[in-house]
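Structure first, commentary second.
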Amino acid sequence: MATAKATTQTNSLPLVLAGPILRAVTPDSITLWLATSEPVQLQLTLMPDGKAQRDYDSAQMRQYCRSFRCAGKLFFQLIHIPVTDPLPLGCRIDYDLKLAAADAKNNWQDWQQWAPDLVYPGHRYPCFILQPKLQRLLHGSCRKPHYPSDDGLLAADLYLQQHKIEQWPALLMLTGDQIYADDVAAPMLRAIHRLVERLDFNDESLPCSAVAKASELHSSKPYYYRRDTLLPKTEGSQAVITQIFKGAKKPVFTSDNARNHLMSLAEMLGMYLLVWSPAGWQDDATQLEAEIANELTDEQSQTYDEHQQIIRQFASGLGKVRRVLAHLPSAMIFDDHDVTDDWNLTAEWEQTAYSHDFSRRIIGNALISYLLCQAWGNTPATFDNAMLDNAEQALQQSGSDLHQQFITRLLKFEQWHYQWPTEPPLLVLDTRTRRWRSEVSISKPSGLLDWEAITELQQDLIGHDAVVLIAPAPVFGVKLIEGIQKVFTFFGKPLLVDAENWMAHRGTAYALINIFRHPKTPKNFVILSGDVHYSFVYEVNLRAKQQGPDIWQITSSGLKNQFPPRLLDVLDRLNRWLYSPRSPLNWFTKRRRMKIVPHKPDNAKAGERLLNRSGVGLVELNADGSPKKVMQLTASGEAIEFNISEGEARWE
């Protein structure tokens with residue numbers, strides 16, 4: 001294992017630490033996210049192809065940009081510009097974002113100074129194309145840095161390189177687990193700590209922990225592979241350990257690095273910077289000091305070395321990741337790993353996690369980070385200045401009552417879901433914080449949406465002929481796997497198998513199916529999901545119309561994660577045999593009368609319906625909102641297409 005002597009960080013930070021990330025873009029507004037190491041002045045020029053350019057000087061940009069101080073050397077620039085003259089549709093729009101230190105005079109830097117690999121070959125500037133009509137879109141979830149596969153976002157970059165801008169997807173939909181706050185390889189955690197030391201965060205007190213201050217956790221006492229031991233030996237703390245740090249005990253769906261769980265607000269924000277940009281990485285970022293390395297067991301040292309190579313390979317591709325995020329409007333929504341594994345799975349989980357100060361702080365810090373790094377850019381108007389002021393106060397007074405109060409506010413917040421005005425509309429569901437608790441037992445899985453959220457969803461759907469619905473977990477999943485989860489739930493162990501499917505809670509399942517069957521809801525649903533670490537396409541018909549399907553379940557997972565291959569192969573084939581059209585199990589396990597048509601990937605072997613390959617999903621839509629083409633793009637250049645013209649039907 002490579003080790004390094006403890007030294008004071010003297011090397012300077014780059015001006016731009018991450019971004020620009022292109023977020024919500026409409027004819028009437030443009031939204032950008034940027035992280036810098038000091039306060040900056042900004043200038044922006046929009047250059048639509050063949051049309052007059054639009055200049056926004058530094059005075060105007062101060063009006064449209066919220067500069068957010070996260071640490072002494074970390075500032076988020078939240079840029080949202082209302083456009084009085086609508087942006088043109090269907091044409092290339094170059095943009096030139098220039099920066100200068102706030103105290104500098106006329107020392108402006110463009111992308112060539114702070115991100116020389118930001119622009120695609122043959123282009124002079126970063127650019128985008130405004131396409132309210134959703135003809136194509138990319139989607140993916142579950143991007144675990146230390147998983148031993150290529151990064152699916154590299155496949156997105158390759159696609160943009162190989163196609164003209166008129167053929168680019170309208171947006172990139174990230175359907176959950178953009179970071180793994182709960183499943184962190186120790187070399188990644190070490191890189192986070194080295195960056196955090198350089199950013200000069202205010203120290204955060206940690207409640208009910210053996211380490212009183214976050215600064216200790218970041219340096220002298222990082223507790224690699226043993227963060228569960230930070231809690232005192234009390235009954236309440238033991239319950240938290242069982243819930244939050246239980247990953248290694250799962251027999252099937254594992255989170256084997258849960259004992260490296262991110263804890264402090266600085267760690268959470270540091271991880272976002274390091275998974276979206278190469279700027280914060282150092283050549284020796286993953287090297288351990290000798291005194292810390294000596295504390296690891298032989299097994300931990302071996303694991304560290306293995307993950308170190310994977311993390312270095314991951315970091316080497318981040319320039320291309322930054323480039324993708326600068327060119328495609330990106331929509332995001334959390335799933336559990338953005339916060340912690342099995343987040344709000346049961347009412348019992350909630351009682352345990354939120355009643356303990358330490359786990360409540362971990363969850364709250366993850367939510368603050370999600371607000372600043374993901375949620376704000378989805379719908380800037382949802383998050384007013386008062387909320388952002390409270391977030392900034394929490395960062396500047398880490399561990400204070402203000403920090404705690406803001407966490408309480410976020411835990412009650414009910415506007416994480418959102419809608420983009422595309423055609424068909426993009427409706428993004430929050431399936432984590434508005435759950436329908438089980439009326440039978442607090443240990444049974446909660447429904448993924450409560451009654452009020454389902455009612456609001458129904459109102460949002462009325463009047464549309466088609467919709468693209470984002471549900472982080474598949475609405476219609478693999479029936480055998482859901483059956484296994486049901487068995488574990490019956491024996492009171494839903495946490496052992498991540499029993500998080502829509503059908504696990506009867507009330508939610510029936511309410512949602514009734515929405516699909518309602519005569520005033522859309523004729524065509526495309527449901528995009530992730531979460532499960534494999535990909536599949538199901539065609540679903542609830543109304544038994546002769547004209548064909550009205551629901552498509554399209555799942556792409558993961559961007560950098562996969563299901564255990566041998567296990568998935570067994571489950572895939574068993575699912576086909578046990579629930580074939582002639583199987584009596586279909587009659588004994590019916591939920592509602594619906595025809596399910598699995599569609600095979602074109603590389604499938606006999607009996608295979610599920611695709612276990614890291615990558616990003618590409619969906620092309622017909623004019624009526626139904627899918628025209630569904631593919632999984634891999635970083636190695638493969639384009640694996642699902643055959644949606646034929647399939648094997650079964651009734652459920």
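So here's what we get for this one:
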item: Residue count, the stretch 204-220 (criterion: under 20 Å from residue 13 (Cα atoms) and open to solvent by 40 Å² or more (accessible area, probe 1.4 Å)); result: 2
item: Test for residue 410: is it part of a helix (DSSP H, G or I) and open to solvent by less than 50 Å² (accessible area, probe 1.4 Å); result: yes
item: Selection count where residues are closer than 29 Å to residue 534 by Cβ and open to solvent by 10 Å² or more (accessible area, probe 1.4 Å), scope the stretch 132-142; result: 2
item: Looking only at the stretch 305-319, and only at residues there that are part of a helix (DSSP H, G or I) and out of contact with any Pro (no Cβ under 6 Å at 6 or more places or on another chain), the one that is nearest to residue 417 (Cα to Cα); result: 315
item: Test: residue 281 is at pLDDT 90 or above, open to solvent by 30 Å² or more (accessible area, probe 1.4 Å), within 22 Å of the chain's Cα centre (by Cα) and aromatic (Phe, Trp, Tyr); result: yes
item: Meets criteria (closer than 27 Å to residue 471 by Cβ and under 23 Å from the mean Cα position of the chain (by Cα)) for residue 133; result: no
item: Residue 169, sole failed condition from (1) in contact (Cβ under 8 Å) with a residue 60 or more places away in the chain; (2) touching a helix residue (DSSP H, G or I) at 6+ places or on another chain (Cβ under 7 Å); result: (2)
item: Residue list for the stretch 90-106, restricted to those being more than 12 Å from residue 42 (Cα to Cα), surrounded by 13 or more Cβ atoms within 10 Å (Cβ to Cβ) and not basic (Lys, Arg); result: 91, 93, 94, 95
item: Options 155, 191: the member that is touching a strand residue (DSSP E or B) at 6+ places or on another chain (Cβ under 6 Å), in a helix (DSSP H, G or I), touching a residue at least 60 places away in the same chain (Cβ under 8 Å) and closer than 30 Å to residue 305 by Cβ; result: 155
item: Any hit, the stretch 62-72, residues being assigned to a loop (DSSP other than H, G, I, E, B) and open to solvent by 40 Å² or more (accessible area, probe 1.4 Å); result: no
item: First in the stretch 414-439 and in contact (Cβ under 8 Å) with a residue 40 or more places away in the chain, second anywhere and basic (Lys, Arg) and part of a loop (DSSP other than H, G, I, E, B), Cβ under 6 Å, 6 or more apart; result: 438/444
item: Members of the stretch 320-343 that are open to solvent by less than 10 Å² (accessible area, probe 1.4 Å) and part of a helix (DSSP H, G or I); result: 321, 324, 325, 326, 327, 336, 338
item: Meets criteria (under 19 Å from the mean Cα position of the chain (by Cα), open to solvent by 10 Å² or more (accessible area, probe 1.4 Å), modelled with pLDDT of 95 or more and under 19 Å from residue 262 (Cα atoms)) for residue 372; result: no
item: Members of the stretch 296-310 found to be open to solvent by less than 10 Å² (accessible area, probe 1.4 Å) and either among the polar types (S, T, N, Q) or closer than 20 Å to residue 19 by Cα (or both), listed by number; result: 308
item: Those residues of the stretch 143-152 which are surrounded by 17 or more Cβ atoms within 10 Å (Cβ to Cβ) and either in a loop (DSSP other than H, G, I, E, B) or of a type outside the set (Gly, Ala, Ser) (or both), in sequence order; result: 143, 144, 145, 146, 147, 149, 150, 151
item: Of residues in the stretch 382-402 being part of a loop (DSSP other than H, G, I, E, B) and among the polar types (S, T, N, Q), the one surrounded by the most Cβ atoms within 10 Å (Cβ to Cβ); result: 398
item: Residue within the stretch 242-254 that is under 24 Å from the mean Cα position of the chain (by Cα), at pLDDT 95 or above, not in a helix (DSSP H, G or I) and not β-branched (Val, Ile, Thr) present; result: no
item: Where residue 30 falls short, out of the listed (1) aliphatic (A, V, I, L, M); (2) under 18 Å from residue 112 (Cα atoms); (3) open to solvent by less than 10 Å² (accessible area, probe 1.4 Å); result: (2)
item: Failed item, numbered, when residue 197 is tested on (1) within 19 Å of residue 271 (Cβ to Cβ); (2) open to solvent by less than 10 Å² (accessible area, probe 1.4 Å); (3) outside any loop (DSSP other than H, G, I, E, B); result: (2)
item: Test: residue in the stretch 93-110 that is touching a helix residue (DSSP H, G or I) at 6+ places or on another chain (Cβ under 6 Å) and modelled with pLDDT of 95 or more; result: no
item: Qualifying strands (runs of 3 or more DSSP E) (wholly inside the stretch 73-138; at least 1 residues being of a type in the set (Lys, Arg)); result: 92-101
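For (1) crowded, with 22+ Cβ neighbours inside 10 Å; (2) at pLDDT below 60; (3) touching an Asp or Glu at 6+ places or on another chain (Cβ under 9 Å); (4) not hydroxyl-bearing (Ser, Thr, Tyr), each residue gets a yes or a no:
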| residue | (1), (2), (3), (4) |
| --- | --- |
| 445 | yes, no, yes, yes |
| 461 | no, no, no, yes |
| 470 | yes, no, no, yes |
| 473 | yes, no, yes, yes |
| 486 | no, yes, no, yes |
| 492 | no, yes, no, yes |
| 499 | yes, yes, yes, yes |
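The values are calculated or read from the model by the stated rules, or taken from the named source; none is laboratory data. Just so it is clear, the structure is predicted and the values come from calculations on it, not from any experiment. For neighbour counting, all protein chains shown are included, and Cβ atoms are generated from backbone atoms with ideal geometry for every residue, glycine included. To get the accessible areas, we keep the full protein, side chains included, count just its heavy atoms, and leave off ligands, DNA and RNA. Shrake-Rupley method; radii C 1.70, N 1.55, O 1.52, S 1.80 Å.
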